[in-house]
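Each remark here refers to the structure printed beneath this line.
The values are calculated or read from the model by the stated rules, or taken from the named source; none is laboratory data. Computed from a predicted structure; not experimentally measured. Note that each Cβ is placed from the backbone with ideal geometry, even for glycine, and that neighbours are counted across all protein chains shown.
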Amino acid sequence: MGLGAETVEEKGEAKTVRGEDYLALIYRLSEAGVEARLSMIAEELRVSAPTAAKALARLRECGYVERRGFSYHLTEKGLRVAERIVRNHRVVERLLTDVLGANPREAHELAHALEHVDGLAELADRYLGMPDRCPHGNPVPARGARRGLPLSRAGRGVY
């Protein structure tokens, strides 16, 4: 599977849909307080460990992720992409459940296929009045939100 052949254009930089899946997964694992280890990433994305390692190495070379010990973390660049994908996914889930009557499980599956389409999520967001939670209760990341410095990345005495 690798990073796949489909691409999505963001500010002139071609990224693969599969690469975005890796970034979104690392985001969701981090959000849940779980370390994004190679074995877990491979299992969640249903790829072999060597395939996941190759994809993560490519994302690392492009500046989207960094490896600390045995776990992978998003860089600022990776976080921007991941937040956009997760935001799109959760807003589209709301459209599918609230407007089209899908159950949360089928909405999740359909949203996974549609999360890479920015225009759809933007229209859904406006139509729904900018929802702050998905049907599963997870927060919808704010559009273009800037975050403070996580304490785990702050130097000693910086808080």
**Q.** region 60-74: number of residues that are surrounded by fewer than 15 Cβ atoms within 10 Å (Cβ to Cβ) and either assigned to a strand (DSSP E or B) or within 12 Å of the chain's Cα centre (by Cα) (or both)
**A.** 3
Q.
Suppose we keep only residues that are surrounded by 18 or more Cβ atoms within 10 Å (Cβ to Cβ) and in contact with a Cys (Cβ under 9 Å, 6 or more places away or on another chain) within region 93-113. Which one would you say is nearest to residue 17 (Cα to Cα)?
A. 111
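To keep it simple, each residue is scored yes or no on (1) out of contact with any strand residue (DSSP E or B) (no Cβ under 7 Å at 6 or more places or on another chain); (2) at pLDDT 95 or above; (3) hydrophobic (A, V, I, L, M, F, W, C).
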site	(1), (2), (3)
18	yes, no, no
40	yes, yes, yes
51	yes, yes, no
60	no, yes, no
63	yes, yes, no
66	no, yes, no
(Q) What's the total number of residues in region 131-150 that are surrounded by 12 or more Cβ atoms within 10 Å (Cβ to Cβ) and modelled with pLDDT under 55? (A) 0
Q: Report, by residue number, each residue of region 38-55 that is touching a Gly at 6+ places or on another chain (Cβ under 9 Å) and either basic (Lys, Arg) or in a helix (DSSP H, G or I) (or both).
A: 51, 54, 55
